[in-house]
């Protein structure tokens, strides 16, 4: 199974190197040929090495096709070009912790329904409310109280993800594709309607719990230094860390420790697993009921999952939990 697995991973990697998505027919024909060679009865049986090579090559084609299908599916969910920059009414749910800045509020939004006829809006978009609007003199901008899990009806202007090609800047288009963001935009300076305070789906409930933890930390820490760093290490929200602090972390070589990943989750899980093991093994009744090592492993895995969920269940945290 090792070589077919490596073939599948290589196929996925190979697709990422393509500038455009390939025609599916170029994958279908070689796959059929390899399948025929492997499965059909013929007078010249394949040696074990050739059979392994064919299976690995077939796995590579399958990985390439799978990655191509995923990319095509993701890229099909995009905003219609003729509706860029035009007012659109949508209903959906706030899907992230809002990033509150001096003159800006950013958040992710899951679109449930488009009220404007004839418009296709991607399922996941990134929105912003600009508080220093150029029209503020005629109509003052009222900052909305945005919370995760709220269902809102918004009037927005959207555009497809686009970014400048700066040598040391973030690739905004690649970031949007990796995070499933099909469009970005801003709220219009009109009245918006809150439809429901909390949608009872697990991912929204988790984000609301993360917000409660952040608010509690802010009320306790007040203006304590590195408050945002502690918040980042607790719930994985590093969006409000000052640029000066990031420079300090970057120059000292510890910037990777600020984002919750395998080190943090493993440390928490190991600590509580060890604690449970020490306590459990001292109780004869508990040890007869359930072995101490298995109880410690179960508690460690459970705590790792809880911490990963509290951190937003990003890709690094998911990888750690699965491993």
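The values are calculated or read from the model by the stated rules, or taken from the named source; none is laboratory data. Note that the structure is predicted; figures quoted are calculated from it, not measured. Reconstructed Cβ throughout: ideal geometry from the backbone, glycine too, with neighbour counts over all protein chains shown.
Condition check ((1) within 30 Å of residue 306 (Cα to Cα); (2) surrounded by 15 or more Cβ atoms within 10 Å (Cβ to Cβ); (3) out of contact with any strand residue (DSSP E or B) (no Cβ under 8 Å at 6 or more places or on another chain)) across all residues:
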site: 155; (1), (2), (3): no, yes, no
site: 170; (1), (2), (3): no, no, yes
site: 174; (1), (2), (3): yes, no, yes
site: 187; (1), (2), (3): no, yes, no
site: 202; (1), (2), (3): yes, no, yes
site: 214; (1), (2), (3): yes, yes, yes
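Residues are listed down the side, and each one gets a yes or a no for (1) under 27 Å from residue 237 (Cα atoms); (2) free of Cβ contacts under 8 Å to residues at least 60 places away in the same chain; (3) in contact with a helix residue (DSSP H, G or I) (Cβ under 7 Å, 6 or more places away or on another chain):
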| site | (1), (2), (3) |
| --- | --- |
| 54 | no, yes, yes |
| 63 | no, yes, yes |
| 98 | yes, yes, no |
| 118 | no, yes, no |
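Do we find that residue 209 is touching a residue at least 40 places away in the same chain (Cβ under 8 Å), under 28 Å from residue 233 (Cβ atoms), surrounded by fewer than 16 Cβ atoms within 10 Å (Cβ to Cβ) and not assigned by TED's automatic domain parsing to the domain that holds residue 18 in this structure? Yes, satisfied. Taking the criterion of being surrounded by fewer than 12 Cβ atoms within 10 Å (Cβ to Cβ) and either at pLDDT 65 or above or in a loop (DSSP other than H, G, I, E, B) (or both), the residues of the range 30-71 that qualify are 32, 40, 41, 42, 43, 44, 45, 47, 48, 49.
There is no residue in the range 247-269 that is in contact with a helix residue (DSSP H, G or I) (Cβ under 7 Å, 6 or more places away or on another chain), closer than 25 Å to residue 144 by Cβ, surrounded by 14 or more Cβ atoms within 10 Å (Cβ to Cβ) and modelled with pLDDT under 90.
Evaluation of residue 200 against the conditions (1) part of a loop (DSSP other than H, G, I, E, B); (2) closer than 20 Å to residue 303 by Cα shows that the sole unmet condition is (2). It is to be established whether one or more residues within the range 287-305 are within 26 Å of residue 100 (Cβ to Cβ) and either without any contact (Cβ under 8 Å) to a residue 24 or more places away in the chain or in contact with a helix residue (DSSP H, G or I) (Cβ under 8 Å, 6 or more places away or on another chain) (or both). Checked against the condition, which is being within 26 Å of residue 100 (Cβ to Cβ) and either without any contact (Cβ under 8 Å) to a residue 24 or more places away in the chain or in contact with a helix residue (DSSP H, G or I) (Cβ under 8 Å, 6 or more places away or on another chain) (or both), the range 287-305 yields no hits at all.
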